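Structure first, commentary second.
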Amino acid sequence: MAASIYLDNNATTQVDPRVLQEMIPYFTENYGNASSTNHKFGQIAAEAVQTARLRIAELIDATDREITFTSGATESINIAIKGVYNRYQSIGKHIITCQTEHKAVLDVCRSLEKQGAEVTYLAVDSQGNIDLQDLRNAIRKDTVLIALMFANNETGIIHPIKEIASIAAENKVLFFCDATQAVGKVPISLKSAGIDMMAFSAHKIYGPKGIGALYVKRKTRRIQLEPLMMGGGQENGLRGGTLNVPGIVGMGAAALLCKQTMLEESKWLESLRNYLQKSLLKIEETTVNGLSDNRLSHTTNITFRFLKAEHIMVSLGNIALASGSACSTGSLDPSHVLLAMGLSRDDAHASLRFSLGRFNTEAEIDQAVKLVSRKVKELREESPAWQLFKSGLID
C-alpha cells in the first residue's frame, strides 16, 4: 500500500518533534500547578508558562500581559465576541461580520441574535474579498464590534486587516480578528495592526491540540470582557481554571520555531503549492477558488467540475484532503465559503482544499498530483454529468 500523504494542514498539523521534546518534562517530573507558587514544583510550572507567554507575544509583536491562554481558538472566539456583547450592550447590540467567516464565529453570532443582537453579514466577491465600502456603510451608531478573520481557512484569502482596523478605529468600534490560519504563517505585528482582540490555536502551527490564546489589546481605556468561565481567577480573571502547562509550553515552543523559520518556510511552501496547483490545473475543467496573490502561501482550493469532492477523497484513500472546514463535522452541505463566493452548489460540492505544511516533500507533491489526476479521470469516465458535458448537452 502506498504511503499516506497529509495535505490537510489547515485542519491540524503534526506536532513538531522539537515541540514535543519541550513538552514531555511537564507531563512527568515538572508536573506542578502553575498557580501553586508557594513551592518549587509550582514555581517551575509558573516560570514555564511565563516563558511560553513571552514567546507567543514575540511572535505576534505584542506584550505578555496581552496574552490569555484558552483551550483553543474556538474558546477564544467565544470569549471575545460574547464578552464584548455582554459587556457593551448598553452602548449597542450591533455586530458586523462576514458570510465567509469560520463557523465558530458565525455560530456565536447566530446564538447572540437569539439574545437580541443584530448582526450584519458582509458579502464577498467571486475571489472571497470584502468591499471596504460595504464595511463602512454597515457601521451604525450602535455597532459595538467588527469580527473579521485574518485569512480564510478554506481558500487562504487574506483580508486587508490594517484597512479594516483603521475603519474600526475611525468609528470607535472594537475589532476582533480570528487569526487561527495566519499566526505563524504570515508576519503579524499587533503593535501596528490596529487589532483589538485576536484568537489563535497551537495545533495549526505544529503545536499540541487543546491549547490556544486570546490577545486583548491593552489601551488607555482597557477593553472590558465578560468572562465565560469563572473559578480561581487565573489569566487575570478572564479565564478561570488550572492552566494546561504542557500545552502552554508546547504552544510557546511552536511559536518560537515559527518566528525563526516563518519567512523561509513560507517561500518553500509557496513553491510547492504553486507546482501542485499548476499541475492540477492541467486537468480539464478545473479552477482555483480565490486565485489571488493575497492569500496564504500553503493553501489552494480547486474545483474539479462534474464530480463530488467526497468521491475523490474516498477513492484516493491515502491522501488527506478537505472539502470544507474541519469543524463542520459530518456535514453534507456544500461549503458556505464557496457558496458565498458565487459557486453553484454542484461546483462547491466538487471542490477540494489542499493545505501544505512543514513536513511535506517534493516527492509527496509529485505523487499527489499523479494520483489525483488519475482518479479524477477515472471518476469522470463513470460520471453521467461528465458524459453529458462532453456531448455538449450541458455547460
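Values quoted throughout were computed directly from the atomic coordinates according to the rules given, and no laboratory measurement underlies them. These figures come from a predicted structure and were not determined experimentally. We place every Cβ from the backbone using ideal geometry, glycine too, and count neighbours over all the protein chains shown.
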(message) Let me spell out the model: positive unit charges on the Cβ of Lys and Arg, negative unit charges on the Cβ of Asp and Glu, origin at the Cα centre of region 343-395. What dipole size does that give, in debye rounded to 20?
(response) 80 debye
(request) Using a 10 angstrom cutoff on alpha carbons, build the Gaussian network for the chain and name the most mobile of Leu122, Leu379, Leu352. (result) Leu379
(request) Report the net charge of residues surrounding Phe150, where surrounding means a beta-carbon distance below 10 angstrom and charges are Lys +1, Arg +1, Asp -1, Glu -1. (result) 0
(request) Report, in debye and to the nearest 20, how large the dipole of region 17-257 comes out about its Cα centre when Lys and Arg carry +1 and Asp and Glu carry -1 on their Cβ. (result) 500 debye
(message) On a straight-distance basis, which lysines could pair with Lys93 in a cross-link, Cα separation under 20 angstrom, same-chain partners fewer than 8 positions away excluded?
(response) Lys82, Lys114, Lys141, Lys172
(message) Within a 10 angstrom radius of the beta carbon, how do Leu263, Leu291 rank from fewest other beta carbons to most?
(response) Leu263, Leu291
(message) If each residue of separation counts as 0.36 nm, what is the full-extension length gain between Asn38 and Asp366 once their alpha-carbon separation is subtracted?
(response) 112.5 nm
(request) Please turn the phi angles of region 362-373 into ³J(HN,Hα) values with the Karplus equation 6.51 cos²θ - 1.76 cosθ + 1.60 (θ = phi - 60°), one per residue in order, whole Hz, x for glycine and proline. (result) 4, 4, 5, 5, 4, 5, 4, 4, 4, 5, 5, 4
(request) Report the full-extension gain for the segment Gln99 to Ser373: residue separation times 0.36 nm, less the Cα-Cα distance, to one decimal in nm. (result) 95.5 nm
(request) Using DSSP, restrict attention to beta bridges with both residues in the chain and report what percent are antiparallel, rounded to the nearest 5. (result) 55 percent
(request) Let me have the 222 nm mean residue ellipticity of the chain computed from DSSP H runs of 4+ only, each contributing -39500 (n - 2.57), with the sum over all residues rounded to the nearest 500. (result) -12000 deg cm²/dmol
(request) Identify, among Val376, Gly207, Leu145, the residue whose Cα sits farthest towards the positive end of the charge dipole of the chain, taking +1 on the Cβ of Lys and Arg and -1 on the Cβ of Asp and Glu, with the dipole about the Cα centre. (result) Leu145
(request) Distance between Cα centroids, region 138-205 to region 244-309: provide it in whole Å. (result) 20 Å
(request) Of the listed values (1) 43, 28, 18; (2) 37, 27, 17; (3) 47, 23, 22, grab the one calculated as semi-axes √(5λ) of the Cα gyration tensor in Å from the structure here. (result) (2)
(request) Starting from the Cα of Glu284, move 7 Å in the Cα-to-Cβ direction to define the label point; list residues of region 353-378 whose amide nitrogen is under 20 Å from there. (result) 370-378
(request) Please go through the residue pairs Lys103/Lys308; Lys103/Lys204; Lys204/Lys282; Lys259/Lys370 and name each one whose alpha carbons sit more than 24 Å apart in this structure. (result) Lys204/Lys282; Lys259/Lys370
(request) Go ahead and set up a Gaussian network model of the chain, Cα springs under 10 Å, then flag whichever of Asp293, Asp346, Asp107 fluctuates most. (result) Asp293
(message) Report the gain in length on full extension from Leu332 to Ser192: 0.36 nm times residue separation, minus Cα-Cα distance, nm rounded to one decimal.
(response) 46.3 nm
(message) If R₀ is 51 angstrom, what is the calculated FRET efficiency for the pair Glu264 and Ser391, using the beta carbon separation as r and rounding to 0.05?
(response) 0.55
(message) Looking at the chain as a GNM with Cα springs under 10 Å, which of Asp131, Asp61, Asp16 has the largest mean-square fluctuation?
(response) Asp131
(request) In nm, give the distance between the simple-model label positions of Tyr121 and Asn137, each being 7 Å from the Cα along the Cα-to-Cβ direction. (result) 1.9 nm
(request) For the chain, build the charge dipole from Cβ charges (+1 Lys, Arg; -1 Asp, Glu) around the Cα centre, then report which of Thr12, Thr74, Ile248 sits farthest towards its positive end. (result) Ile248
(message) Given the options Met341, Ser36, Ile188, identify the residue whose Cα lies farthest towards the positive end of the charge dipole of the chain (+1 on Cβ of Lys, Arg; -1 on Cβ of Asp, Glu).
(response) Ser36
(request) Count charges around Ile56 for me, please; just the other residues with Cβ under 14 Å from its Cβ, Lys/Arg as +1, Asp/Glu as -1. (result) -1
(request) Rank these for me by crowding, Ser315, Ser201, going from fewest to most other beta carbons within 10 Å. (result) Ser315, Ser201
(request) Could you list Lys114, Lys172, Lys103 in order of exposure, starting from the residue whose Cβ has the fewest other Cβ atoms within 10 Å? (result) Lys114, Lys172, Lys103
(message) Can you give the FRET efficiency to the nearest 0.05 for Met230 and Arg65, using r as the Cβ-Cβ distance and R₀ = 25 Å?
(response) 0.75
